[in-house]
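J.: Mind looking over this structure? Questions follow.
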Amino acid sequence: MDINAIVNFLLIAGVIQGFIFNLVTLLFRKRFSIVVLYLNLVVLFISLNNLQAWLIEVGYSSDLFYIKNMLVPWYFFILPMFYAFIIHFLEVDKTIIGFVKFAIVVFVAEILLRSAVIYQVYYNVPGQDTDLISQYTMIEDIFNLALSIAIFYKAIELVFKRENVYQSMLSYDDLKWLKLFFKVGGLVMVFWVFAKMADFMFGIKWGYSVLRLGTSVLLYWIGYQGLYRYNIVQDRIQLRKRIASSNKFIGIGAIATSNVDDKHREEFKKVHDLVVSEKKYLEPELSMGSLAETLSISASHLSKLVNNHSGFSFSDYINSLRVEQAKKLLADPNFNNYTMVAIGLECGFNSRSTFYAAFKKFTATTPTEYLKKAVTS
């Protein structure tokens with residue numbers, strides 16, 4: 001099997017995966033969301049673009065001159081739809097529909113212009129020489145590349161430089177996954193420019209195959225990540241409201257304290273009361289230094305208080321409170337509809353892995369096993 005056959009196989013495999021993604025997320029979801037719609041459109045246009053590339057590579061052609069020379073610029077829609085997804089995911093602007101309309105107008109205009117060029121060649125160019133069509137394709141590609149770079153930069157500027165406009169979202173998602181996408185995506189944009197220059201200056205075409213595979217992997221990944229993160233965020237928003245309305249928080253006595261009667265016992269009790277009553281343990285970024293600053297004591301003194309009177313290190317002390325909070329939610333049937341990850345994150349853990357590891361450490365069971373026991377008891 002040669003390299004072209006491998007590339008073609010990966011292209012069509014990605015196309016099939018993309019169509020399955022759209023069918024599953026649109027037809028089998030309980031709730032329709034504009035965020036999910038834009039995310040699906042990103043994956044759909046990747047799939048359509050790759051399907052068209054695959055048909056060309058395997059030699060598919062039509063006897064009709066128009067169809068044979070009609071290259072639909074599906075890729076043009078990828079970044080506009082992705083930008084629309086980000087806007088709605090971050091909930092920073094609901095007037096994005098104007099931007100989407102602009103993208104549709106440009107897309108339709110390009111289809112009409114290509115149709116006019118094909119018509120001109122078919123009826124007025126001797127021998128129906130397609131050089132004019134190739135020249136138009138190059139101009140269209142350069143224009144779309146420039147516009148895509150501008151949209152990509154606008155999205156980067158929003159995510160990296162305008163955190164103040166989506167501050168509330170940061171309490172549900174740190175967006176590290178999205179920022180990683182932009183860093184890798186920047187390299188892909190550079191390669192897109194390289195592939196275009198290699199084709200324009202030297203007639204080298206292999207850069208497009210590598211580009212399609214690279215962008216497909218990256219954008220399919222962002223499709224699944226985006227859907228996964230969006231579901232968690234929505235769960236966390238509803239979960240946080242329900243916890244607050246039902247006052248499902250642990251009490252002061254959630255963790256037993258030492259009975260050692262010394263001059264620091266009351267001091268630790270004040271620390272414990274503050275952490276629990278003000279729900280400091282729910283803050284994923286809580287550190288010994290930040291808590292010590294709040295209490296106006298040194299970090300070393302706080303460490304000794306926690307070690308001597310809770311029997312835990314500082315991190316284990318805080319995680320034990322988070323696990324108690326998680327147990328309280330898992331034992332309540334009213335919270336069974338929320339994902340385990342959302343519950344763990346809302347209890348102060350910063351990832352699924354740290355939640356499961358801490359839960360196992362303090363209960364000798366996994367959250368899933370604990371939930372099953374709570375349901376059957």
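The values are calculated or read from the model by the stated rules, or taken from the named source; none is laboratory data. Since the model is a prediction, treat every value here as computed from it, not as a measurement. Here the Cβ is made from the backbone with ideal geometry for all residues, glycine too, and neighbour counts use every protein chain on show. The area values use the complete protein model at the heavy-atom level, side chains included, leaving out ligands, DNA and RNA. Shrake-Rupley method; radii C 1.70, N 1.55, O 1.52, S 1.80 Å.
J.: Counting heavy atoms of the protein chains only and a 1.4 Å probe, report the per residue accessible area for the stretch 42-112 as a whole number of Å².
T.: Here the per-residue accessible area is 47 Å².
J.: Taking the Cα-to-Cβ direction at ILE297 and at LYS372 and moving 7 Å from each Cα, how far apart do the two end points lie in nm?
T.: 4.2
J.: For the chain, find the longest principal axis of its Cα atoms and tell me its angle to the long axis of helix 176-202, 0 to 90°, nearest 10.
T.: Helix 176-202 and the main axis of the chain meet at about 20 degrees.
J.: At R0 = 25 Å, how high is the FRET efficiency between SER115 and PHE19 if r is their beta carbon distance? Nearest 0.05 is fine.
T.: 0.40
J.: Compute the length gained on full extension between ALA244 and SER351: take 0.36 nm times their separation in residues and subtract their Cα-Cα distance, giving the result in nm to one decimal.
T.: Full-extension gain reported as 36.3 nm.
J.: Per-residue HN-Hα couplings for the stretch 309-324, Karplus 6.51 cos²θ - 1.76 cosθ + 1.60 at θ = phi - 60°, whole Hz, x for Gly and Pro?
T.: These are the phi-based 3J(HN,Hα) values: 10, 10, x, 10, 6, 4, 5, 5, 4, 5, 5, 5, 5, 5, 5, 4 Hz.
J.: Please give the residues of the stretch 198-226, grouped as numeric ranges, whose backbone N is less than 12 Å from a label point set 7 Å along the Cα-to-Cβ vector of LEU26.
T.: What the label zone holds, given the 12 Å backbone N cut-off, is no residue at all.
J.: Grab the beta carbon distance between TRP177 and LYS361, set R0 = 25 Å, and tell me the FRET efficiency rounded to 0.05.
T.: 0.45
J.: Here's another thing I want to ask about it. Quick one: angle between helix 34-57 and the longest Cα principal axis of the chain, in degrees between 0 and 90, rounded to 10, please.
T.: So the inclination is approximately 40 degrees.
J.: Net charge around GLU110, counting only other residues with Cβ within less than 13 Å of its Cβ (Lys, Arg = +1; Asp, Glu = -1)?
T.: Its environment carries a net charge of -1.
J.: Candidates (1) 102, 46, 45; (2) 64, 47, 37; (3) 71, 71, 45; which is the computed Cα extents along the principal axes in Å?
T.: Label (1) holds the value from this structure.
J.: Another question about this same structure. With a cap of 11 neighbouring Cβ atoms within 10 Å, and only residues DSSP puts in a loop, list the trypsin sites (Lys or Arg not before Pro) found in the stretch 256-343.
T.: Counting only loop positions with at most 11 other Cβ atoms within 10 Å, the trypsin sites (Lys or Arg not before Pro) in the stretch 256-343 are LYS263.
J.: Reachable lysines from LYS183, Cα under 24 Å, same-chain residues fewer than 8 places away excluded?
T.: LYS154, LYS161, LYS196
J.: Now a separate question. Evaluate the distance, in nm, between pseudo-label points positioned 7 Å from the Cα of TYR66 and of ARG265 along their respective Cα→Cβ axes.
T.: Distance between the two pseudo-spin positions: 9.1 nm.
J.: In addition: Longest span of the chain, sites excluded, free of GluC sites (Glu not before Pro) in DSSP loop with at most 14 other C-beta atoms within 10 Å?
T.: That would be 92-277.
J.: Explain nothing, just the number: relative contact order of the chain, from Cα pairs under 8 Å at least 6 residues apart, as a whole percent.
T.: Worked out over the chain, it gives 13 percent.
J.: Additional query: Name the trypsin sites (Lys or Arg not before Pro) in the stretch 1-93 that are in a loop by DSSP and that have at most 14 other C-beta atoms within 10 Å, would you?
T.: Those that pass, being in a loop and sparsely packed, are ARG29, LYS30, ARG31.
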